[in-house]
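Remarks on the structure that follows.
Read-outs throughout are calculated quantities, based only on the coordinates presented, and are distinct from any laboratory measurement. Fair warning: this is a prediction, and the values are worked out from it, not measured in the lab. For neighbour counting, all protein chains shown are included, and Cβ atoms are generated from backbone atoms with ideal geometry for every residue, glycine included.
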Amino acid sequence: MKRNYCLFTMKPRVFLFCMMLVALAPVCFAQASPAKPAKSASSEKAITDLEKSAWESYKNKQADAFKKLMSQDYCGAYADALKTLDMEVADMAKTDLRDYSLADMKVAFPRADVAVTRYKTTIQMTSEGKDMSGTYNSASVWVKKSGKWLEVLHTEVKAQ
């Protein structure tokens, strides 16, 4: 029996994991020498607050506020699609995010101008009439551009 190991026939979670690994590896290894810890309590709180602001603006369908937090080259990596900023904003109108909570948030600073968050998200949400409620493993990458933190990548995978 011949087996087909094509990348596109893999399960979506494995594909997303590989995409995240490819996307995050250059950020994590870009430092030529060991970096001094760039993490501080105030930096960590700033990133945590920005992450919460992104969720809150999405929930309240505040497209302009949401866009101000995102980089123009933003990418959302989900089981159903890789999304641009414009696609995320368009989906916002079709989504009813009734409630959410973020738990166990960790923030890492591989460089002083890069922050990586990881946390669990519990949501009550429908999208285009489909119930998307549940607990998700989430991660985001924030980059400081011209002195302002902007989100360049966000991903969620439903927890099992």
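Placing one identical point scatterer on every Cα of the range 40-158 and ignoring solvent, what is log10 I(q)/I(0) from the Debye formula at q = 0.09, 0.12, 0.16 Å⁻¹?
Log-scaled intensity ratios, in q order: -0.22, -0.40, -0.73.
On a straight-distance basis, which aspartates and glutamates could pair with Lys45 in a cross-link, Cα separation under 18 angstrom, same-chain partners fewer than 8 positions away excluded?
Excluding near neighbours in sequence, the set is Glu56, Asp104, Asp113, Glu151.
Order the peptides 45-54, 81-90 from the highest to the lowest mean number of other Cβ atoms within 10 Å of their residues.
On the way: 45-54: 16.9, 81-90: 14.9.
Ranking the peptides 45-54, 81-90 by packing returns 45-54, 81-90.
Compute the signed sum of charges (Lys and Arg +1, Asp and Glu -1) over the other residues within less than 12 Å, Cβ to Cβ, of Ser140.
Value of the local net charge: 0.
How charged is the neighbourhood of Asp104? Take every other residue with its Cβ under 10 Å from the Cβ of Asp104, and add Lys/Arg as +1 and Asp/Glu as -1.
Around Asp104, the charge tally is +3.
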